[in-house]
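Peer 1: Attaching a single structure in structure tokens format; questions to follow.
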Number of protein chains: 2
Amino acid sequence: MHPRYALVTNQLKKHQIRLSDRRLKILECLCYNLEHPTVDQIYVNLHKEIPTLSKTTIYNTLHTLAELGLIRIINIEDNKTRYDIITESHGHFKCQTCGSIFNFEVDLKFFATDELSGFKIMERNLYFKGICQECLLNKND
Amino acid sequence: MHPRYALVTNQLKKHQIRLSDRRLKILECLCYNLEHPTVDQIYVNLHKEIPTLSKTTIYNTLHTLAELGLIRIINIEDNKTRYDIITESHGHFKCQTCGSIFNFEVDLKFFATDELSGFKIMERNLYFKGICQECLLNKND
DNA sequence: ATTTAAAATTGTAATGATTACAATTTTATT
DNA sequence: AATAAAATTGTAATCATTACAATTTTAAAT
């Protein structure tokens, strides 16, 4: 079993949220699809296996998980939301050529600034955009 | 005249983009409304003065300005895009209680990482979310 | 095992931001 | 004044997300 799957299901139990079939499948999908999937991608992924799955259920589940801090919401794009099962501090890089989103390590926990003293910081996100290595190399073809 | 207004109009001239009445008004709106307005807020702001202004024109103008790097796109919210006339490196803090977006100083060049060597970084965004000082104080009423 | 109430899920319709695009207007140039 | 390019407008289309009522599933109680 995927370690994050175990971790999240434990947390759900602790919060008395039922480990329904749908929720577990959506969670599994997030664990093995680390490409920061959108709701639509999750839907397409699971549709073969669960033809009756509704998008509303996916939205509901993701909201539940996000409220408990078990997944991260990524607003790197203007039009759609992406979801990330990795909740530890890290940054995102979006390639504007191929559309891929890469993770990179960065510890934002200790970033502080006087301007925000007195503010309660609950979420920290660092987003870069540009062109990834592969696309840069292909450009020269 | 607002210094940023001068700066942006110069750049537009340099790129042979006409300083039309609509564009200048939208730009002016961005210069004096530093609350990171949405398209709709710009529309409402200007509607009294220019009743025939179309939202499409606002979208077009903002796209033009963004393409030239003269404004910044803020995707801190999931549903709508905000725009920022300040293009110098800084972070954004969104209060989840009152909805305000605050700027704070931070040099994002500082967050370089070996993992992205070979990547071309064109845009850097740091977004925090939480509760602002004022809302924290009001909570105790 | 049956009953019952709460929770979860579904499907459809509504919302709201953004885009596409054709028609019209404005502008700069000849 | 004529002309072509650029800018603007308004309407309709698109698409992600939400609202919500109806249905199904689940867990607990009898």
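Peer 1: Is there a pair in A:K139/B:K80; B:K13/B:K109; A:K94/B:K120; B:K14/B:K109; A:K14/B:K94; B:K13/B:K120 whose C-alpha atoms are over 22 Å apart, and which pairs would that be?
Peer 2: On the way: A:K139/B:K80 32 Å; B:K13/B:K109 29 Å; A:K94/B:K120 11 Å; B:K14/B:K109 27 Å; A:K14/B:K94 30 Å; B:K13/B:K120 28 Å.
From A:K139/B:K80; B:K13/B:K109; A:K94/B:K120; B:K14/B:K109; A:K14/B:K94; B:K13/B:K120, over 22 Å: A:K139/B:K80; B:K13/B:K109; B:K14/B:K109; A:K14/B:K94; B:K13/B:K120.
Peer 1: Could you quote the convex hull projected area for the protein assembly as shown, Cα atoms only and averaged over all directions, in nm²?
Peer 2: Values: hull surface 80.2 nm².
Averaging across all directions leaves 20.0 nm² for the Cα convex hull.
Peer 1: Which of rounded, prolate or oblate describes segment B:1-75 when judged by the alpha-carbon gyration tensor and an a/c cut-off of 1.5?
Peer 2: Rounded, because the longest to shortest axis ratio a/c is under 1.5.
Peer 1: Ignore the peptide's own chain and count Cβ atoms of other chains within 10 Å of each Cβ in A:62-75; give me the average, rounded.
Peer 2: So the per-residue partner count for this stretch is 1.
Peer 1: So, one more: So what are the three principal axis dimensions of chain A from its Cα atoms, in whole Å, longest to shortest?
Peer 2: Computed over chain A, the largest-to-smallest principal extents equal 50, 45, 29 Å.
Peer 1: Report, in debye and to the nearest 20, how large the dipole of the protein assembly as shown comes out about its Cα centre when Lys and Arg carry +1 and Asp and Glu carry -1 on their Cβ.
Peer 2: 620
Peer 1: Could you please report the charge total around A:I101, scoring K, R as +1 and D, E as -1 over all other residues with beta-carbon less than 13 angstrom from its beta-carbon?
Peer 2: On the way: positive: A:R72, A:K80, A:R82, A:K94, A:K129; negative: A:E35, A:E77, A:D84.
Around A:I101, the surrounding residues sum to +2.
Peer 1: Per DSSP H run of at least 4 residues, take -39500 (n - 2.57); add these up for chain B, divide by its residues and hand me the 222 nm value, nearest 500 deg cm²/dmol.
Peer 2: Theoretical 222 nm ellipticity from helices: -11000 deg cm²/dmol.
Peer 1: Mind ranking B:E88, B:E35, B:E28 by accessible surface for me, highest first, 1.4 Å probe?
Peer 2: B:E35, B:E88, B:E28
Peer 1: Right, next: Size of the dipole of segment B:3-84 about the Cα centre, Lys and Arg at +1 and Asp and Glu at -1 on the beta carbon, nothing else charged, in debye to 20?
Peer 2: In debye, rounded to 20, segment B:3-84 gives about 360.
Peer 1: Still on this structure, I have one more. Among B:16-22, B:78-84, what's the highest-first ranking by average C-beta atoms within 10 angstrom per residue?
Peer 2: Highest to lowest by the protection proxy: B:78-84, B:16-22.
Peer 1: Now for a different question. Amide H of A:E123: which non-local residues (sequence gap of 5 or more, or other chain) have their own amide H closer than 5 Å, using H built in the peptide plane?
Peer 2: Here the answer is B:K129, since their amide H atoms fall under 5 Å of that of A:E123.
The values are calculated or read from the model by the stated rules, or taken from the named source; none is laboratory data. Since this is a predicted model, take the numbers as computed values, not measurements. Using ideal geometry, Cβ is built from the backbone for each residue, glycine included, and neighbour counts are taken over all protein chains shown. Quick note on the areas: whole protein, heavy atoms, side chains included, nothing else; ligands and nucleic acids left out. Shrake-Rupley method; radii C 1.70, N 1.55, O 1.52, S 1.80 Å.
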